[in-house]
1. If you take the residues in segment 475-528 that are over 23 Å from SER343 (Cβ atoms) and among the aliphatic types (A, V, I, L, M), which one is most open to solvent (accessible area, probe 1.4 Å)?
2. Only one of these conditions is not met by THR299: (1) of a type in the set (S, T, N, Q); (2) open to solvent by 10 Å² or more (accessible area, probe 1.4 Å); (3) in a helix (DSSP H, G or I). Which number is it?
3. Helices (runs of 4 or more DSSP H) wholly in segment 76-160 with at least 1 residues that are among the charged types (D, E, K, R), farther than 23 Å from TYR518 by Cβ and modelled with pLDDT of 95 or more - which ones?
4. Among the helices (runs of 4 or more DSSP H) lying completely within segment 331-420, list those that include at least 3 residues that are over 14 Å from GLY315 (Cα atoms).
5. Evaluate segment 469-486: report whether one residue or more is part of a strand (DSSP E or B) and either closer than 27 Å to LEU607 by Cα or modelled with pLDDT under 95 (or both).
6. Mind listing whichever residues of segment 445-474 are under 30 Å from ALA268 (Cα atoms) and open to solvent by 10 Å² or more (accessible area, probe 1.4 Å)?
7. Could you check segment 340-357 and list, in sequence order, the residues that are open to solvent by 10 Å² or more (accessible area, probe 1.4 Å) and touching a helix residue (DSSP H, G or I) at 6+ places or on another chain (Cβ under 8 Å)?
8. Of all residues in segment 52-75, how many are open to solvent by less than 10 Å² (accessible area, probe 1.4 Å) and either closer than 16 Å to LYS467 by Cβ or more than 34 Å from the chain's Cα centre (by Cα) (or both)?
Amino acid sequence: MRTFFMLVRDRKKLGFPPLRFELRYLVLLTLIFVLFLNPTGFADESALKNRDGTWKWTNHLIDETSPYLQRHAHNPVDWYPWTDEALARAKTENRLIFLSIGYSTCYWCHVMERRVFSNPEIAAQMNEHFINIKIDREERPDLDEIYMTATQLLTGKGGWPTSVFLTPDLEPFYAGTYFPPTDMPGKPGFPTILTAVHEAWVTRPSEVVDAAKEIVTAIENTMNQRFTAAVSKLPEHDLIDAAVQKLKESYHHAYGGFGDAPKFPSPANLEFLLGKWESQPEKPTGRTDESLRKMITLTLDMMAYGGIYDQLGGGFHRYSVDEKWRVPHFEKMLYDNAQLAKSYLRGYEFTQKSRYKRIATEIFEFVARELTSPEGGFYSAIDAETDAEEGKYYVWTAAEIDEILTEQNGQKFKKVYGIDRGANFEGKNVLYVPSGIDEKQLEAVAFQRERLLAARALRQRPLMDTKILVSWNGLMIDALAYGYQVLRDERYRHAAQKAAEFILTKLRHPDGGLARTYTAGHVKYDGYLVDYAFFVRGLLGLYEATAEDVWLREAEALTDMMIQRFWDDKNSAFYFTQADAQNLIVRTKNPYDSAVPSGNAVAVSNLLTLSKRLSTKNYRQRAEQTFIGFSGAMEQYPTSFMYMLSVLNGYLSERGEVPKLMKTALPEYVTATASARATGQIFEVELNVKIAEGWHINANPPSQPILIPTAVTVGADASVVLATVKYPQGTTAHFSFSDDALTVYEGDVTIAIQLRRKPNKASDTGAAIILRLTYQPCNDTQCLLPNVLEIPVTLPEE
């Protein structure tokens, strides 16, 4: 019987050439929509052990640190990680590679591990004919992107686990997601697939190789060629307006969010709408487009009160399986909670609704309690299942509630959290807040919530993925820094700084570059674009919140390294991997948002921020080139570029205006001038600061550790460094916002500075360098955000 290996329906619509090849005896793959599969019949862990409790099998994953890979280390499959040894063996023995990609909180990855990879007979077939490689997609997002694209081209769909067959040259030619252990009606089992693929390789290898090469070409077309700029000018506001219209078309007016079930939080959409709302011109009757406000607030409200939010322990689950946000897929990811914490803080800023502040603080409490390592970094995720049962840790029966709480309190609690309305998840209850319940009613059952949370903590916990990923940590550092900036809670500042210091100390290669991941003391892999971009975003967030120059200097240094290692000089924008990355069939740029913003979008945001802070470098030009490079794709697929469009909206709104940070410098409150004279290699500088009547700034040193001191720094690129700074003695004063007396500067003060020339540095004499004065202006009733005032000073001839 002749069957055909199909790639994707109607390829002409996607702009790719038709792929013409035929493979005998290869069964037509019909993707299995995993939500309808029955995950029964998996192997119990005891079946993999001897009577004395030792493991029957141990493979090459045993030395890996990823919890996901460790979970497969005792499969009968002879798994390898993606290493030179495994790839060389495939070449030497001319064997096909079976590549399996997943992650630790992937429910159907676990199902395939139990039902397929733990089966000795299937494992024997895999070991005999294939080199079997297992990848944690969160450790190797570059490989995940390439082979997920191949899967989507080959099948029209994608998902995890990703199952791909490669030639010894790493070129994919057959793919799927979950394969069952036995044949099902219309659905081939994994042994059938293994037999057909191996037979094709043995009997018709040239056809397989030709097909694989065509697929690689299609991957290159998909991932890179469409991003070659066809225009030479910056996109304008009409692109932003078109994106707003797209979101309006997909917005769910009854329950918020975008699209139908399954419903994802989509923080990039919220970030874009929040930025668009803020940039609108105001009229006496309000903002120009009030519908944006409703889209934002209804989405925030429905998620906060839905089952997608952990009503007991705080933090968001991955997504909701229904349109009402009631029943979640229960895994919890660091990146979701980092982005959503910031979304709720932004919502609180422009609405002052206390529930948004509550959600943000509860997310931070959850992260501190469950996702923070002793070293200060943040773990990646918490699994959805316990004992192979999804959601078991989080759901309740009415009887369990009554047993833990008194009958009266139990009835009250069940009403507030929808339990009295009947079970909503496999005979049990996911807690949610029904319509009509307000914040006061939630506060009234706070004690009961604490009791149930304590009882839940005694249950067997889901698997924790203890990988510390630089990129995701950057997102959480940024969120915590923003939390400190908005709420002035010192815990957030401390947590953000500790995580940043941990990464700067533990996840740097000897050459100063960033690593990707840290697990149990082991650092692995070079950092990707997202690691540099997201971590720099966190550092800039810390700088904006604290005005401490160390974070700006580190952000600048890492951005320069990012440009050196990832920038495409020929076509602009950033590659996802460094130029020296090994064993990749395609080098990609990956500009699309996924569950996290694209690395290119965050890099552009960082470049624009740095261009405002550091006038000595032309970061803005690269940001503009990136906008231009992706303008055609943004116009065609706006909802895949929401974060970059958000950055573009901010850029277009500020163009020709004073940047937002400089607006807050408030020259009517603080002004400064400087003069210099030369004494050999030393320049004596007198910085005169004038503070408006009724205002003050903190002295240096400040009278309390939590206060931001007035401080002077000099740009890292200048030919001089600070030798000494003599801050004047402050005056002691009492203010209504503090019970204690504070030491401050008022009126006119002079700061004496000595600058020393850097060795082997070209002279700046006759030219102006920039001094930066960091300060926080306050009056008797309020303190404004910290600010940075840039003061030019001309260095005289020596």
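The values are calculated or read from the model by the stated rules, or taken from the named source; none is laboratory data. Owing to the predicted nature of the structure, the values given are computational and were not obtained by experimental measurement. Every residue, glycine as well, gets a Cβ built from its backbone with ideal geometry; the counts of neighbours run over all protein chains shown. The area values use the complete protein model at the heavy-atom level, side chains included, leaving out ligands, DNA and RNA. Shrake-Rupley method; radii C 1.70, N 1.55, O 1.52, S 1.80 Å.
1. As a first pass, look at segment 475-528 and keep what is over 23 Å from SER343 (Cβ atoms): 498, 501-528.
Keeping just the survivors that are among the aliphatic types (A, V, I, L, M) gives 503-504, 507, 514-515, 520, 523.
Values: ILE503: 0, LEU504: 34, LEU507: 0, LEU514: 0, ALA515: 0, ALA520: 90, VAL523: 62 Å².
This residue is ALA520.
2. Going through the list (1) of a type in the set (S, T, N, Q); (2) open to solvent by 10 Å² or more (accessible area, probe 1.4 Å); (3) in a helix (DSSP H, G or I), THR299 breaks only (2).
3. Working: elements: 84-93, 107-112, 120-129, 141-155.
Here the list reads 84-93, 120-129.
4. Numbers: elements: 334-351, 354-370, 398-404, 407-416.
Qualifying helices (runs of 4 or more DSSP H): 334-351, 398-404, 407-416.
5. Pass one, segment 469-486, residues part of a strand (DSSP E or B): 469.
Then drop every residue that is not either closer than 27 Å to LEU607 by Cα or modelled with pLDDT under 95 (or both), which leaves 469.
Among the residues of segment 469-486, at least one is part of a strand (DSSP E or B) and either closer than 27 Å to LEU607 by Cα or modelled with pLDDT under 95 (or both), which makes the answer yes.
6. Here is the first cut: in segment 445-474, the residues under 30 Å from ALA268 (Cα atoms) are 462-474.
Across segment 445-474, the qualifying residues are PRO462, LEU463, MET464, THR466, TRP472.
7. Pass one, segment 340-357, residues open to solvent by 10 Å² or more (accessible area, probe 1.4 Å): 342, 346, 348-355, 357.
LYS342, ARG346, TYR348, GLU349, PHE350, THR351, LYS353, SER354, ARG355, LYS357 - these are the residues of segment 340-357 that are open to solvent by 10 Å² or more (accessible area, probe 1.4 Å) and touching a helix residue (DSSP H, G or I) at 6+ places or on another chain (Cβ under 8 Å).
8. Final tally of qualifying residues: 6.
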